Protein chains: 2
Amino acid sequence: MRAPLDPPEILLLGPGPSNPHPAVSVAMSAPLVSHLDPFFLTVMEETMTDLRALYQTSNHHTVPISATGTGGLETLMFNLVEPGDEVIVGGIGYFGQRLAELAIAAGGVVRPVEVGWGEVLDPEAIAREFERGPAKVVALVHAETSTGALQPLADIGRIVRENDSLLMVDAVTSLGGVAVDADGWLIDAAGSCSQKCLGAPPGLGPITVGPRAIDAIHHRSVPVASWYFDLRRLFSYWGEEDSSRARVFHHTAPIANIYGFREALRLIHTEGMEARFARHQQAHDLLVAELAEIGLGLFTPETHRAPMLNIVEIPEGVDDASIRGSMLERGIEISGAFGPLAGKAWRIGLMGTNATAPVVSRLVSNLKEVLGR
Amino acid sequence: MRAPLDPPEILLLGPGPSNPHPAVSVAMSAPLVSHLDPFFLTVMEETMTDLRALYQTSNHHTVPISATGTGGLETLMFNLVEPGDEVIVGGIGYFGQRLAELAIAAGGVVRPVEVGWGEVLDPEAIAREFERGPAKVVALVHAETSTGALQPLADIGRIVRENDSLLMVDAVTSLGGVAVDADGWLIDAAGSCSQKCLGAPPGLGPITVGPRAIDAIHHRSVPVASWYFDLRRLFSYWGEEDSSRARVFHHTAPIANIYGFREALRLIHTEGMEARFARHQQAHDLLVAELAEIGLGLFTPETHRAPMLNIVEIPEGVDDASIRGSMLERGIEISGAFGPLAGKAWRIGLMGTNATAPVVSRLVSNLKEVLGR
């Protein structure tokens, strides 16, 4: 017979998951109701409203997809891209390659625009790619979890719009920790997760889809190659803007996850978005300062660092895995890097509840001891 | 500002979700670890082992998909069916039609074999359909939630195997409440949910995929039209049978859901599968007897009733919606029916924690009062 679950208590300072807010866990344990219960329909409305505020958008089509963040991005790619469509994919690290793989799986023809790890794309590179020919979609990562770079988006949004294309953004690591101004930056579709800076466990893929993207979906020439992720079917349940139509069953929503996500959004708006973003920036600044005191620096250029995900250079002669192992023995998870940064950097996340001064101090004092500095 | 979530306490006796076991909610609130933490890799192994036992299978490829039950079925259909493949879909109600829609979305050519609502398929009907030509897959619903019918599968499995086809089963409502003997009945692929008879909240799609199905997937001529649901990519994370290969990142698993699901499976095996199935049958038998005392009967013929989902005929002159509304005021959810049964029957689920004599008595005594019998 199995014993009941007894997980270790770990301070999660990798690239995600972060430690969820305790109130989120309480909400996930609240009494379940049916997915068509009037109470739950109200929860759905509240969730859509609060998610729109976080994405800084008036897009009606703003919901958590019943899958993880990757499932939300697949939803966007499979609804926007038809077989044969050209997709410009900006690559600034691993998760840009992931977007390319999603585009290919959707039948798209990928035109990569890439820079080295740690760099971000110059908007002019996107403009030049359009000179080679039109594209249905431009897909980009906002905060690249593999390199710690934060991609500026506003100028790219303008260029994409001028070229009559659709801008799709992977906001998995950024949303909840920095501004994602979907309407202001002319983003047509964005996807994130319920974990990381949002403060709930992984399990949902919150997306927003703007009217130009919805129009493109309505004018597809072939059906979406998915039943589960088909946005037109999905919004028969979540409800189209014409609210006089009754909601009809699509799939049974993950009620407990949506309870927890609704609570995470409530906590974000109770704290205030500006205050929350400032808290993430302050924790980052403090981390940089305290790491400098023990002789550690960041890989990513200061001009475009994502505050919630810090790529810390491993000093010469220090063994990556053994330090991470020692930190884990002290109840603190930090993560290794991969690709060209494997063995050369740690990825240290300060996300959601963990973006605070006491967490930074606990991390750095332990790292100092483990490194013997 | 929003108030914290405060859902009503409802006894959930519709077709699902049912009330999860309290220990499952406790497990879902346990401290989160990372999806690549050694502790979580052990949880994954335990989950696979216990899910195999429930499916009565030795299939290595037995995991909860990171989506709801419908997402698990989409995973199976999209991996098994290539564009142009012929798929025999057995239809005994609404969820058979759903399987047909999934097959069409996967590019399949559907050959329906249908019977009237409340009936089940004669294995000979499948044999006759094979006389019209071969088919890659035969897809069937085990417990049809729209009609309360339980489809016998053993003889059909033999026929499908003789015709060198693959048997895919929707076990969403049956698993955990009645035997699903995947190996004994020659089922090649089955999908269920984490809720209903399994006792966790909705959010996962537990599947099992046998070696013949895996072989077919490995011999596909075109890639799976999904990145998220692509089983070959997915098992780079869950691990292939050659356990010497390190697990690599695919997507961030819904840790809390898998904690809860692992606890639900633990509770099932602690109770014992035979004892659990007997409890569901006894609750059903008691319901039928107690309903008869107040003059109510079941729609589904006694020869093939799914014990966990009872289709109760609404007496002449009784208003469906007002009775359900009165029951909900008393904190008890029962569900309406749809299609040809709309307004003519209630769907009453006795699933998981709710398949007990006290629950049946509470239900029937309240129904008696509300009906004035």
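Take every DSSP beta bridge with both residues inside chain B and express the antiparallel ones as a percent of the total, to the nearest 5.
Beta bridges within chain B, antiparallel portion: roughly 50 percent.
When we measure straight from the Cα of A:K368, which lysines land under 26 angstrom away, once same-chain ones fewer than 8 places off are left out?
Those lysines meeting the cut-off are A:K196, A:K344.
May I ask you to compute the full-extension gain from A:L41 to A:A3, defined as 0.36 nm times their residue separation minus their alpha-carbon distance, rounded to one decimal in nm?
Computed gain between A:L41 and A:A3 is 10.0 nm.
Given the convex hull of the Cα atoms of the stretch B:22-269, what is a quarter of its surface area in nm²?
The number I arrive at for the stretch B:22-269 is 12.3 nm².
Please average, across the residues of A:75-81, the number of beta carbons from any other chain that are within 10 Å of each residue's own beta carbon, and give a whole number.
That works out to 1 on average.
Excluding B:V178 itself, what net charge comes from residues whose Cβ is under 15 Å from its Cβ, given Lys and Arg +1 and Asp and Glu -1?
Result for the neighbourhood of B:V178: -2.
Under 5 Å between amide hydrogens, which residues at least 5 positions from A:S174 or on another chain qualify, with H placed 1.01 Å from N in the peptide plane?
Under 5 Å from the amide H of A:S174: A:A143.
Using a cut-off of 15 Å between beta-carbons, work out the net charge of the residues near B:I323 (Lys and Arg +1, Asp and Glu -1, B:I323 not included).
Summing Lys/Arg as +1 and Asp/Glu as -1 gives -1.
Quick one: net charge of B:G336's neighbours, Cβ under 10 Å, K/R +1, D/E -1?
For residues surrounding B:G336, the net value is +2.
At 0.36 nm per residue, minus the direct Cα-Cα distance, what do B:A246 and B:D155 gain on full extension? Give it in nm, one decimal, please.
My answer for the length gained is 28.7 nm.
Mean Kyte-Doolittle of at least -1.0 and a Cα length of 20 Å or more along the axis: which whole DSSP H helices of chain A meet both?
The qualifying helices are A:38-55, A:255-271, A:273-293, A:357-371.
Are there any chymotrypsin sites (Phe, Trp or Tyr not before Pro) in the stretch A:229-258 that are in a DSSP loop and have at most 16 other Cβ atoms within 10 Å? List them by number.
Answer in residue order: A:F249.
Determine, for B:E271, B:E131, A:E241, A:E114, the number of other Cβ atoms within 10 Å of each Cβ, and report the residues in order from fewest to most.
B:E131, A:E241, B:E271, A:E114
Residues with amide H under 5 Å of A:E114's amide H, sequence separation 5 or more or different chain, H placed in the peptide plane at 1.01 Å from N; which?
Distant-sequence amide H within range of A:E114: A:G91.
Extending each Cα 7 Å along its Cβ direction at B:A342 and A:E316, get the distance between those two points in nm, one decimal.
7.6
Over chain B, calculate the relative contact order: mean separation of alpha carbon pairs under 8 Å at least 6 apart, over the residue count, as a percent.
Once divided by the residue count of chain B, the mean separation gives 24 percent.
For a quick protection proxy, order the peptides A:169-181, A:359-371, A:146-158 by their average other-Cβ count within 10 Å, most packed first.
A:169-181, A:146-158, A:359-371
Measuring label to label, 7 Å along Cα→Cβ, what does B:K368 give against each other copy in nm, shortest first?
Result for B:K368, in nm, nearest copy first: 7.3.
When the helices in chain A are scored as -39500 (n - 2.57) per DSSP H run of 4 or longer and the sum is shared across all residues, what 222 nm value do you end up with, to the nearest 500 deg cm²/dmol?
Helices in chain A give a 222 nm mean residue ellipticity of -12000 deg cm²/dmol.
When the convex hull of the Cα atoms of the protein assembly as shown is projected onto a plane and the area is averaged over all directions, what value comes out in nm²?
Dividing the Cα hull surface by four gives the mean projection, 30.7 nm².
Report for the stretch A:50-180 the percent antiparallel among DSSP-assigned beta bridges with both residues inside it, nearest 5.
Beta bridges within the stretch A:50-180, antiparallel portion: roughly 10 percent.
Give me a single rounded figure for B:252-264: the average over its residues of other chain Cβ atoms within 10 Å of their Cβ.
6
Where a number appears in this text, it was derived from the coordinates with a stated rule and is not lab data. No experiment lies behind these values; they were computed from the predicted model shown. Glycine also receives a Cβ, built like all others from the backbone with ideal geometry; neighbour counts cover every protein chain displayed.
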